[in-house]
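Reviewing the structure listed below.
The values are calculated or read from the model by the stated rules, or taken from the named source; none is laboratory data. Since this is a predicted model, take the numbers as computed values, not measurements. Heads up, the Cβs are rebuilt from the backbone with ideal geometry, glycines too, and the neighbour counts pull from every protein chain shown.
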Amino acid sequence: MADHSTGAQSRQRDTVTLRVNKQPYTATVHPRVTLLDWLREEAGLTGTKKGCNEGACGTCTVLIDGKRMNSCLTLVVQCEGADVTTVEGIAGPDGRLHPVQEAFIDHDAFQCGYCTPGQIVSAVACIAEGHAVDEATVREWMSGNLCRCSCYPQITAAVLDAARRMENPE
């Protein structure tokens, strides 16, 4: 597809300040750079994966101010002042795995693993939103995250188990 922008438009850069995984960042970006591309190419956070690049698969799910978002459909300039959490920011500051990560391991909730970062981030939000109440509800609220390996029963079990673990920590 041809770029019909003028020379001045193609050189335009915007400066954005945001926090990613509790760390401050200042990004100077072209206005059309997606959060997904910036995270992977500039911030060096490659855990967030590019799947369909059109918001259909959920592989690139991140949390923006605690809400699930497809980072492939979000521009960096939309994140001014926002708190972004990627899969790299899910574990504790001491490196201890989040209960969702532990449950995904315990329930073998992945095969190839490509969708796993988005699934984990989405599962954390699903639980925080109060939707981890039963299998049908979890399936509905996790439906924006596709798994080509069809690990849905294990993913659902992992989300419900993680919710129980978080409700009753040892």
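Has segment 39-59 got any residue that is assigned to a strand (DSSP E or B) and either in contact with a helix residue (DSSP H, G or I) (Cβ under 8 Å, 6 or more places away or on another chain) or in contact (Cβ under 8 Å) with a residue 40 or more places away in the chain (or both)? Give the steps one after another, and end with the answer.
The first filter runs over segment 39-59 and keeps only residues assigned to a strand (DSSP E or B), leaving none.
No, that holds for no residue.
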Item to complete: Please verify whether segment 25-38 includes one or more residues that are aromatic (F, W, Y), in a strand (DSSP E or B), surrounded by 17 or more Cβ atoms within 10 Å (Cβ to Cβ) and modelled with pLDDT of 95 or more.
Response: yes
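Among the helices (runs of 4 or more DSSP H) confined wholly to segment 63-169, which include 2 or more residues that are surrounded by fewer than 15 Cβ atoms within 10 Å (Cβ to Cβ) and free of Cβ contacts under 8 Å to residues at least 24 places away in the same chain?
Working: elements: 99-106, 116-128, 135-141, 152-167.
In segment 63-169, 135-141, 152-167 are the helices (runs of 4 or more DSSP H) which contain 2 or more residues that are surrounded by fewer than 15 Cβ atoms within 10 Å (Cβ to Cβ) and free of Cβ contacts under 8 Å to residues at least 24 places away in the same chain.
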Worksheet entry | Count - residues of segment 107-149 that are within 17 Å of C52 (Cβ to Cβ) and more than 17 Å from the chain's Cα centre (by Cα) | 3
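Assess whether V16 counts as being surrounded by 13 or more Cβ atoms within 10 Å (Cβ to Cβ), more than 21 Å from N145 (Cβ to Cβ) and either without any contact (Cβ under 8 Å) to a residue 12 or more places away in the chain or in contact with a helix residue (DSSP H, G or I) (Cβ under 9 Å, 6 or more places away or on another chain) (or both). Spell out the reasoning first.
Values: surrounded by 13 or more Cβ atoms within 10 Å (Cβ to Cβ): yes; more than 21 Å from N145 (Cβ to Cβ): yes; either without any contact (Cβ under 8 Å) to a residue 12 or more places away in the chain or in contact with a helix residue (DSSP H, G or I) (Cβ under 9 Å, 6 or more places away or on another chain) (or both): yes.
Yes.
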Response to the item:
Selection over segment 22-63 where residues are among the basic types (K, R) and closer than 16 Å to G118 by Cα yields a count of 3
